[in-house]
Amino acid sequence: MSVLSKEEAKKILDKVLSFSKAEECQVSLGGNISGNVRYARNTITTSGFNENINLNVSAKFGQRIGSASTNELDDASIEKCVRRAEELARLAPENPEAMPFLEQQTYLESQTYFESTARITPEYRASVAHEGISQAEQLGMTAAGFFEDGVTFSALANSKGLFAYNQSTGLEFTLTVRTNDGTGSGYAVKDYNDVTKFRPKEDSEIAVRKAELSRNPRAIEPGKYTVILEPAALVSDEGLLNNLVFSLGARAADEGRSFFSKKGGGNKIGEKIIDERLNIYSDPTHPEIPAQTWQGDGLARERIWWFKNGVLQNLVYDRYWASQKGVKPIAFPSGVIIDGTSATVEDLIKDTKKGILVTRLWYIRSVDPQTLLYTGLTRDGTFYIENGKIQHAIKNMRFNESPIIMLNNLDALGKPERLNGNLVPPMRIRDFTFTSLSDAV
Amino acid sequence: MNRRDFIQLAALGAGAMLLPLPTFAKEISESELLTPILSTADKKRLADVALNTARSNGASYCDVRIGRYLRQFVFTRENKVQGVQNTESFGVGIRVIANGTWGFASTNRVTADGIKKAAETAVAIAKANSKFQKEPVRLAPTKALGEVSWKTPIEKNAFEVPIKEKTDFLLSVNDAAMKNGANFVSSSLFLVNEQKYFASTDGSYIDQDIYRIWPTFNVTVIDKTTGKFQSRSELAAPMGMGYEYLSARPEGKYQLPEGVIGYGKYYDMIEDATLAAQHVKQKLKAKSVEPGKYDLVLDPAHLWLTIHESVGHPLELDRVLGYEANYAGTSFATLDKWQSRSFNYGSPIVNLFADKTQPTSLGAVGYDDEGVTTKQWDLIKDGILVNYQAIRDQVHILGEKESHGCCYADSWSSVQFQRMPNVSLAPGKTKLSVADMIAGVDKGIYIVGDSSYSIDQQRYNFQFTGQLFYEIKNGKIVGMLKDVAYQSNTQEFWNSCVAICDESDYRLGGSFFDGKGQPGQVSAVSHGSSTTRFNNVNVINTARNV
């Protein structure tokens, strides 16, 4: 058994704590069961199944912390693990930034577990692969995709009375379909906690349709263009806004080495940073993107504003930095929500006189942390829009752009969509900077 | 987790406490890192259980990997030790061919019973998947090696060095940077030991003990009057070496123009951190680059990453064939270009070779993860594309009878697949120093160290930055530049290569956490070169006002 119930987990954690001789002891117990299928060249290439459980004990004496872990949960193994953590703590160098473990916290309720997802079978995974492969084959195209699902639990307890537990399910689907003449490529990406929301046929069709549309792309001159960025370009594993979220650390800002540093000291909380139509926040209980309501050290994840009407409201404060600054610690968010409108991508296209539709961005890397300048390329579906219509596919281009500049050049927002645990709308942006052409399809 | 994730976590001040453990890994003590779990004889006995079970269940081939993967990561910033993490991952991966189809299963129950069950599962999976099989596996033959072993030739096992010595050392590195004007400095040490036992039904029993080390730092200086900040990271490479790499022996040093010091087989980390703080102060005052065409003189500590992205990745045969299309991408270097035997990947002086044997490199092993003896082979010969990187079930596509020996799995629980070997640029054949190369440039930029890197999914269009940029005018360095990035196209770039320094300047760079595959796997790989000149490359200015 790699996924334990709240009661089962608590029983083990209580036992672990009963062995502790340290000044403070904190224990985490987590496990997962996951399966995946990978396909390429219109055939299943690999399929995998994993089960794992891990108990991690942290012992603390003064400012010294030692950690040890085990995947065997009999009494003797548990006690050995506790003793080892204590031995390591006594030998560990002092960490002046080590914080006392947290007392019991109040956590929000979030429904992250769905039985439907926990019941996914290898046959279902194979059928997801088969759906994309057969659609692609029928149209003379080639599918490559990956589908992964799992059930996870995590529990945390400490000698100061804290206990937290979460059980969640999740799935991720990505599909790339390429035309056999090598001139077109399309992409689809979906993620859910609840598999009943996933539609393998329709979601595979997105990639197939984009591949068909993207055949025989034409080159246009790089430069500044109005772009419509789909959510995958904003917050997928390669998303331009992920990097903005990753830059929200208060410490780097206060230390003077972040975009969010204020000249002369301090940070930019309270300053208008981006377009006033932008409201960006996090909510681990949101039914579209439910997430665990606490992070690894037990700190509660709450509903939190990052930008309200374009004004920076908060930064991420770890417990040490919060204690130094005399503020409340703020957990790193599980995902972000950006308010939008009811406009679909098609609606945004209709309102566009001249512009570019971007399906996805790729290989995004930081160029200048001071200005949050990033470079990367478009991929798997880039189209030229004129007079409210997609005219033709265009060749991919490299961009050099800062999400800060981009979010100040906001033109319109569409309807938010779940992507990679976030809920964000497609965005139309003016003057997005493309710096060179790529021959890549 | 790739290097970028580490940097992002570090930027959030996460330190070691929030680092996720590798899959199936557990945290252990220093003394346990040094205590062997199984003898070679025990491993052979257990491996035979897998081979016999697979055979009797109908597999035509089986390989088994009993792996113990040890890591020690040490993190510091300024005068503080942020964390030390020792992890061990121990288990068995069994791969079989049944009905012409691969099957794989793994377990952390390293007992005869656990291994027997995993072998049975692997065969069952192969048989189940064979229903969908369109191209039965064709495995190139490999020699039965009997019982052999290989160990990274280290002088001093870094895991045996007391942790206190390591943290004291990193704190002295930080101290050197702070004394020279740094406002912030973080430094880390990543150590890896892979104890891998491989056996196959081909009759090979291979015991390997592999070591890697990566010392890394980042130094930041803030100009309080302007609010601007600049940083520099280390100019040394991760290596397939022991703790002797940090011994700062003078033969590891390369005196470069403008007082820059490059490092080869030995690294003086304290000296590098001292220079880094000085460099960062200069960077704050450096001139912003005028965009345009420049001749680039690229130091090996920079060029390795350009080789990695624009030569290493596009010549992975699985990418070329489309197996990585959904994630890492495909390749512009298609089979027809190779078949033509006339595709000018680079200028005639460009010779790039793959090598899994190069001493001190990250990729050096005696045998790969499917029991093939490692070797060196040409990828680009006199500028022409002549080969790819391929493993046992791929080489028939290239008309070859023997695997290249570049198969790797990052854990016993991962399926082994084709991974990039060390790919390096052969040094120039005629004597040429860095100073002489610079003397021949009218309008150029000398770039040292790697930084931002980005390339498209077929490996045509790329953009790179670096750590240090020096402007060259009429054969002389006239000062430091900032805001420099160059953009080019792989074929155009390598065809603009006009000069390569000789062997005396040849050094390795490398990546400790190169990512590929779904689910993702990491691997470590080195890339060697001497300083090299590329003419007329497009340089952009990356400064922005926000």
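Of all alpha-carbon pairs in the stretch A:6-209, indicate the percentage at a distance above 20 angstrom. Taking all Cα-Cα pairs of the stretch A:6-209, the fraction more than 20 Å apart is 65 percent. If you fit an axis through the alpha-carbon atoms of helix A:122-138 and take the longest principal axis of the Cα set of chain A, what angle between them do you get, 0 to 90°, nearest 10? Value to nearest ten degrees: 10. Annotation: the residues B:361, A:116, sorted from fewest to most other C-beta atoms within 10 Å of their own C-beta, follow the order A:116, B:361. Pairwise inverse Cα distances across the stretch B:288-541, averaged and inverted, put the Kirkwood hydrodynamic radius at 18.4 Å. For the stretch A:1-102, the Cα-based Rg and Dmax, in that order, read 17.9, 58 Å. In whole Å, how far is the Cα centre of the stretch A:219-241 from that of the stretch A:97-144? That distance is 26 Å. With the simple model of a label 7 Å out from the Cα in the direction of the Cβ, residue B:378 to residue A:285 spans 6.9 nm. With 25 Å as the limit, the listed pairs A:224/A:350; B:151/B:431; A:268/A:308; A:190/B:127 have B:151/B:431; A:190/B:127 beyond it between alpha carbons.
Between residue B:510 and B:527, the built amide H atoms are under 5 Å apart, and every one of these is 5 or more places off in sequence or on another chain. Helix A:75-91 and the longest principal axis of the C-alpha atoms of chain A enclose an angle of approximately 90°. In chain A, the calculated helix contribution to ellipticity at 222 nm averages -6500 deg cm²/dmol per residue, counting -39,500 (n - 2.57) for every DSSP H run with n ≥ 4. Rounded to whole numbers, the Karplus 3J(HN,Hα) couplings from phi for the stretch A:30-46 are x, x, 8, 10, 9, x, 8, 9, 10, 9, 7, 6, 6, 8, 6, 9, 9 Hz, using 6.51 cos²θ - 1.76 cosθ + 1.60 with θ = phi - 60°, and x at Gly and Pro. A simple charge model with +1 on the Cβ of Lys and Arg, -1 on the Cβ of Asp and Glu and nothing else charged puts the dipole of the stretch A:6-209 at about 200 debye relative to its Cα centre.
Averaged over its residues, how many other protein chain Cβ atoms are within 10 Å of peptide A:359-371's Cβ atoms?
Partner-chain Cβ atoms within 10 Å, mean over residues of A:359-371: 6.
Footprinting exposure proxy ranking of A:372, B:33, B:275, fewest other C-beta atoms within 10 angstrom first, gives B:33, B:275, A:372.
With the biggest extent put first, the Cα atoms of the stretch A:396-441 measure 31, 25, 15 Å across the principal axes. Fully extending the segment from residue A:431 to residue A:263 would add 57.8 nm, taking 0.36 nm per residue of separation and subtracting the current Cα-Cα distance. In this structure, the pairs whose alpha-carbon distance is over 29 Å, taken from B:116/B:356; B:44/B:356; A:263/A:354; A:15/B:196; B:356/B:473; B:285/B:473, are B:116/B:356; A:263/A:354; A:15/B:196; B:356/B:473. Placing unit charges on each Cβ (+1 for Lys and Arg, -1 for Asp and Glu) gives the protein assembly as shown a dipole about its Cα centre, and among B:236, A:30, B:536 the Cα reaching farthest toward its positive end belongs to B:536.
Given a 10 angstrom Cα cut-off, can you work out which residue in A:386, A:172, A:221 is the most mobile in a GNM of chain A? Highest fluctuation among the options: A:221.
What is the protein assembly as shown by shape, rounded, prolate or oblate, if you read a ≥ b ≥ c off the alpha carbon gyration tensor as root eigenvalues and call it rounded for a/c under 1.5, prolate for a/b larger than b/c, and oblate otherwise? Rounded.
A simple spin-label model places pseudo-atoms 7 Å from Cα toward Cβ; at residue A:305 and residue A:390 they are separated by 3.8 nm.
Farthest towards the positive end of the charge dipole of the stretch A:217-441, among the residues A:233, A:392, A:364, is the Cα of A:364, using unit charges on the Cβ of Lys, Arg, Asp and Glu. Note on chain A: with a GNM built from Cα contacts shorter than 10 Å, the maximum mean-square fluctuation among A:145, A:326, A:266 falls on A:326.
Rounded, prolate or oblate: which fits the stretch A:223-339, taking a ≥ b ≥ c as square roots of the Cα gyration tensor eigenvalues, rounded meaning a/c under 1.5, else prolate when a/b beats b/c? Because a/c hits 1.5 or more and a/b fails to exceed b/c, the stretch A:223-339 counts as oblate. Spatially, the stretch B:125-182 and the stretch B:436-486 are offset by 31 Å when compared through their Cα centroids.
Please give the net charge around residue A:191, taking every other residue with its beta carbon less than 9 angstrom from that of residue A:191, where Lys and Arg add +1 and Asp and Glu add -1. Surrounding charge for residue A:191 is +1. The ranking of B:231, A:214, B:347, B:172 from fewest to most other beta carbons within 10 Å of each one's beta carbon is B:172, B:347, B:231, A:214. Pairs from the table (A:262/B:283; A:160/B:166; A:328/B:179) lying more than 24 angstrom apart at Cα are A:160/B:166; A:328/B:179. For the stretch A:217-441, the Stokes-Einstein estimate of translational diffusion at 37 °C and a viscosity of 0.692 mPa s comes to 181 µm²/s, using the Kirkwood hydrodynamic radius over alpha-carbon pairs. Does anyone have the angle between helix A:6-18 and the longest principal axis of chain A? Alpha-carbon axes, 0 to 90°, nearest 10? Taking the Cα atoms of chain A, the angle to A:6-18 is about 40 degrees.
Here the stretch B:312-455 is treated as a sphere whose radius is the Kirkwood value from Cα pairs; by Stokes-Einstein at 37 °C and 0.692 mPa s it diffuses with a coefficient of 193 µm²/s. Using the Cβ-Cβ distance between residue A:219 and residue B:545 with R0 set to 30 Å, the FRET efficiency from 1/(1 + (r/R0)^6) comes to roughly 0.50.
No value in this document is a laboratory result; all are computed from the given coordinates. It should be emphasised that the depicted structure is a prediction, and the values quoted were computed from it without experimental measurement. Virtual Cβ from ideal backbone geometry, glycine too; neighbours counted across all protein chains shown.
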